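**Q** Dropping the structure in here first, questions after.
The values are calculated or read from the model by the stated rules, or taken from the named source; none is laboratory data. Since this is a predicted model, take the numbers as computed values, not measurements. Reconstructed Cβ throughout: ideal geometry from the backbone, glycine too, with neighbour counts over all protein chains shown.
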Amino acid sequence: MRGSQNGNAGRVRSRRERKPRAAAVIAVVALVSLAAVACSSGKDDPVSDEAAAEFQAALSDMAGGGGMAATVMSPEGTWSGTAGKADGVRDVRIDDQFGIASITKSVIAAQVMQMVEAGELALDDPASDYLPADLDFDTNGATIRQLLEQRSGIPASYLDDHAFWESVAIDHPRRRWTTADALELVTADRDPAGEAFEYTDANYLLLGLVIEQVRGRPVADVLRDGVLSIDGVDRLIYQPDEVPTEPMAMPGGESTAVLEKGGGYLPSLAAASSYGGAAAMASDAPSLANWWRAFCAGEIVSQASLTEMSTFHDGYGLGLYNVADTYAQAVGHTGEDVGYVAWAGCLAEDGSVIVVLSNRVVEDIGGMARPLVEAVQSD
């Protein structure tokens, strides 16, 4: 998810992704409630025909001419559906992979919390204690916690400018970036760490480096043995170390030629390699829904870690926020990439998980899933 370059604190992905407005919200009660129902025996059964028809109608309404895939997991059962085209010709399949952009942040945050639980690092330690010695970057004295909650004082910059990355995708789609290359786009100015919320991908690029430095292994390998070690998430991948495979929904619904142009990644090698721990992942809808179900059920991190992650300050926790800000309570994350948008959340009151993936960029990503959320709530 790329943020605006205007530097306004409290802006999540510019005008397209709203930061929840509440100054401080504790969502752990919601997660406890979800944990009690998300594991119910009915979750693997199909929903009723009536519910399936209602969900499909909502999805078709949401797609708006683009390609879209969605999965709902609820106490009543599981449903997956698709609408539109993957590449201008072929219909979207439920196992199509899409770029999921900043939903990556929630996965990275969960991995960090696993490492906290293991005693490998502490949330209030300076991040610099766990970064490569040769990294030439001013971390501003920020702690691991401050990186996770986007309060490091590191500013939004070209790193968070969607227009900049669109130009990179056009001009240099096969460039392989390093994290150090991407961090060079961050300007030198800093605010005091911990003072204010400002959403920037730099925080999660640094957390990706922390994971690698502490474990001595690539992020993709750590995730696969850690927060991605559960069943049913094989198509949830960390690019570019893991490569997307057919079927894939093309960015912007373009022809399959765009895949070759981008080196075989979603949306391109340049994007995948530069996004790192901030936005590098791709998935199909069922794999991502399986991950969120397990996460919100307390199967990936402990209940204490869920409490920590879902305590919101300025509307953002540790890699989580309310993705249905104005119309429901849904703990999750959204993302926008070049040619993709994604929405994933756990609806505590309903005991449900909803994932929506699209290859058509929309103005209001938070509101994109509203018809499906309301259909689930009315079921």
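**Q** Got a sec? Which of Val186, Val107 is out of contact with any Cys (no Cβ under 6 Å at 6 or more places or on another chain), at negative phi and in a helix (DSSP H, G or I)? Spell out the reasoning first.
**A** Working: Val186 fails: in a helix (DSSP H, G or I).
Within the list Val186, Val107, the selection yields Val107.
**Q** Now for a separate question. In a loop (DSSP other than H, G, I, E, B), modelled with pLDDT of 95 or more and within 15 Å of the chain's Cα centre (by Cα), is that true of Leu288? Can you show your working first?
**A** Values: in a loop (DSSP other than H, G, I, E, B): no; modelled with pLDDT of 95 or more: yes; within 15 Å of the chain's Cα centre (by Cα): yes.
For Leu288, the condition - in a loop (DSSP other than H, G, I, E, B), modelled with pLDDT of 95 or more and within 15 Å of the chain's Cα centre (by Cα) - is not met.
**Q** Report whether or not Val214 is touching a residue at least 60 places away in the same chain (Cβ under 8 Å), touching a Lys or Arg at 6+ places or on another chain (Cβ under 8 Å) and β-branched (Val, Ile, Thr). Spell out how you get there, then give the answer.
**A** Details: touching a residue at least 60 places away in the same chain (Cβ under 8 Å): yes; touching a Lys or Arg at 6+ places or on another chain (Cβ under 8 Å): no; β-branched (Val, Ile, Thr): yes.
Taking the combined requirement at face value, the residue does not satisfy it.
**Q** Scan region 49-77 residue by residue and report those that are within 23 Å of the chain's Cα centre (by Cα), over 20 Å from Trp292 (Cβ atoms) and aliphatic (A, V, I, L, M).
**A** Ala63
**Q** In the set Arg293, Arg235, which member is under 23 Å from Gly77 (Cα atoms), in contact with a strand residue (DSSP E or B) (Cβ under 7 Å, 6 or more places away or on another chain) and part of a loop (DSSP other than H, G, I, E, B)? Walk me through it before giving the result.
**A** On the way: Arg293 fails: part of a loop (DSSP other than H, G, I, E, B).
Just a single option satisfies the conditions, and that option is Arg235.
**Q** Here is a further query. From the list Asp95, Asp87, Asp91, exactly one residue is touching a helix residue (DSSP H, G or I) at 6+ places or on another chain (Cβ under 8 Å), of a type in the set (D, E, K, R) and surrounded by fewer than 20 Cβ atoms within 10 Å (Cβ to Cβ). Which is it? It would help to see each step written out before you state the result.
**A** Values: Asp87 fails: surrounded by fewer than 20 Cβ atoms within 10 Å (Cβ to Cβ); Asp91 fails: touching a helix residue (DSSP H, G or I) at 6+ places or on another chain (Cβ under 8 Å).
Within the list Asp95, Asp87, Asp91, the selection yields Asp95.
**Q** Working only within region 70-105, note down all residues that are of a type outside the set (D, E, K, R) and within 18 Å of Pro218 (Cα to Cα). Don't jump to the end; show me each part of the working.
**A** Residues of region 70-105 that are of a type outside the set (D, E, K, R), as a first pass: 70-75, 77-84, 86, 88-89, 92, 94, 97-104.
Listed by number, the list holds a single entry, Thr104.
**Q** On to the next question. Taking into account only those residues within region 295-344 that are of a type in the set (Asp, Glu) and under 25 Å from Pro251 (Cβ atoms), which is modelled with the highest pLDDT? Working first, answer last.
**A** First, the residues of region 295-344 that are of a type in the set (Asp, Glu): 299, 308, 314, 325, 336-337.
Restricting the remaining residues to those that are under 25 Å from Pro251 (Cβ atoms) gives 336-337.
Working: Glu336: 95, Asp337: 91.
Per the criteria, the residue is Glu336.
**Q** Does Gly77 meet the test of being surrounded by fewer than 22 Cβ atoms within 10 Å (Cβ to Cβ), more than 21 Å from Tyr238 (Cα to Cα) and modelled with pLDDT under 95? Give the derivation first.
**A** On the way: surrounded by fewer than 22 Cβ atoms within 10 Å (Cβ to Cβ): yes; more than 21 Å from Tyr238 (Cα to Cα): yes; modelled with pLDDT under 95: no.
It is false that Gly77 is surrounded by fewer than 22 Cβ atoms within 10 Å (Cβ to Cβ), more than 21 Å from Tyr238 (Cα to Cα) and modelled with pLDDT under 95.
**Q** Here is a list: Thr187, Thr179. Which entry is in contact with a Leu (Cβ under 6 Å, 6 or more places away or on another chain) and under 23 Å from Gly141 (Cβ atoms)? Before you say what the answer is, go through the steps one by one.
**A** Details: Thr187 fails: in contact with a Leu (Cβ under 6 Å, 6 or more places away or on another chain).
On inspection, the qualifying residue turns out to be Thr179.
**Q** Please indicate, with yes or no, whether at least one residue in region 126-143 is crowded, with 17+ Cβ neighbours inside 10 Å and touching an Asp or Glu at 6+ places or on another chain (Cβ under 6 Å). Before you say what the answer is, go through the steps one by one.
**A** First pass over region 126-143, keeping only residues crowded, with 17+ Cβ neighbours inside 10 Å: 127-128, 130-131, 137, 139-140, 142-143.
Those still in the list that are touching an Asp or Glu at 6+ places or on another chain (Cβ under 6 Å) too: 143.
Yes, some residue in region 126-143 is crowded, with 17+ Cβ neighbours inside 10 Å and touching an Asp or Glu at 6+ places or on another chain (Cβ under 6 Å).
**Q** Still on this structure, please answer the following. Could you tell me whether Ser229 is of a type outside the set (Lys, Arg), free of Cβ contacts under 8 Å to residues at least 12 places away in the same chain and either buried (at least 16 other Cβ atoms within 10 Å of the Cβ) or in a helix (DSSP H, G or I) (or both)? Even if it seems obvious, please write down each step before you answer.
**A** Values: of a type outside the set (Lys, Arg): yes; free of Cβ contacts under 8 Å to residues at least 12 places away in the same chain: yes; either buried (at least 16 other Cβ atoms within 10 Å of the Cβ) or in a helix (DSSP H, G or I) (or both): no.
Criteria not met by Ser229.
**Q** If you don't mind, another one. Is there a residue being assigned to a strand (DSSP E or B), touching a Leu at 6+ places or on another chain (Cβ under 9 Å) and touching a residue at least 60 places away in the same chain (Cβ under 8 Å) anywhere in region 120-138? I'd like the intermediate steps shown before the answer.
**A** So the first thing to find is which residues in region 120-138 are assigned to a strand (DSSP E or B), and the list is 126.
Of the ones still in play, those that are also touching a Leu at 6+ places or on another chain (Cβ under 9 Å) are none.
No, region 120-138 contains no residue that is assigned to a strand (DSSP E or B), touching a Leu at 6+ places or on another chain (Cβ under 9 Å) and touching a residue at least 60 places away in the same chain (Cβ under 8 Å).
**Q** Just give me the residues in region 144-167 being buried (at least 19 other Cβ atoms within 10 Å of the Cβ) and among the hydrophobic types (A, V, I, L, M, F, W, C), in sequence order.
**A** Within region 144-167, Ile144, Leu147, Leu148, Ile154, Ala156, Leu159, Trp165 qualify.
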